[in-house]
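Read-outs: derived from the displayed coordinates by stated rules, not from any lab. Bear in mind the structure is a predicted one, so any value in this text is a computation, not a measurement. Methodologically, a virtual Cβ is constructed for each residue, glycine included, from the backbone with ideal geometry; neighbour enumeration extends over all protein chains shown.
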Amino acid sequence: MVTVTYEQARGLREKHEKPGGYQISVSRTVNVPLANLYKAVANEKSRSSWLPEVGLVVRKATAHKSMRVTWKDGKTSLEINFLPKGDAKSQVVVQHSKLPDAKAAAKMKTFWGKALDQLRKSLGG
């Protein structure tokens, strides 16, 4: 962390930049049980109601915990984590990595913010 702060202060590394490219993270808390939130993301039909993107490849999924996904471009990756926040509340965290530049990172941060807002709206939370 100290190294990253130093590199950013010296202009050697930009915000969201990692050794393998740029990475962003967006999260939302939703007023639904964890199982409902997981299903809304993991089930392709449910997902299409709030995320119309096609071509996602789920590489690994652990029910009600996490998913590893290759984004539709075939180059960048998603790590989606699900966290319980009580009986009827849960949180989803999307981490999009291997983005090519700061402009792409900013674009995807905005994209995922809107997408997760749509998810929350579709679940009534």
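Note on the stretch 16-122: Rg/Rh from C-alpha atoms, Kirkwood Rh, equals 0.95.
Fully extending the segment from Ser25 to Lys85, taken as 0.36 nm per residue of separation minus the present Cα-Cα distance, adds 19.7 nm.
Backbone phi angles across the stretch 86-93, fed through the Karplus curve with coefficients 6.51, -1.76 and 1.60 (θ = phi - 60°), yield HN-Hα couplings of x, 5, 10, 8, 8, 10, 10, 10 Hz in residue order; Gly and Pro are listed as x. Qualifying trypsin sites (Lys or Arg not before Pro) in the stretch 78-123, where qualification requires a DSSP coil assignment and no more than 15 other C-beta atoms within 10 Å, comprise Lys85. Full extension of the chain segment joining Val93 with Val54 gains 12.0 nm, where the gain is 0.36 nm per residue of separation less the Cα-Cα distance.
The relative contact order of the stretch 16-122, computed from alpha carbon pairs under 8 Å that lie at least 6 residues apart in sequence, is 37 percent. In plain terms, the chain from Thr70 to Thr110 could stretch by 12.5 nm, reckoned as 0.36 nm per residue minus the Cα-Cα distance. Put simply, the amide H of Thr76, placed in the peptide plane, has neighbours under 5 Å in Trp71, leaving out anything fewer than 5 places away on its chain.
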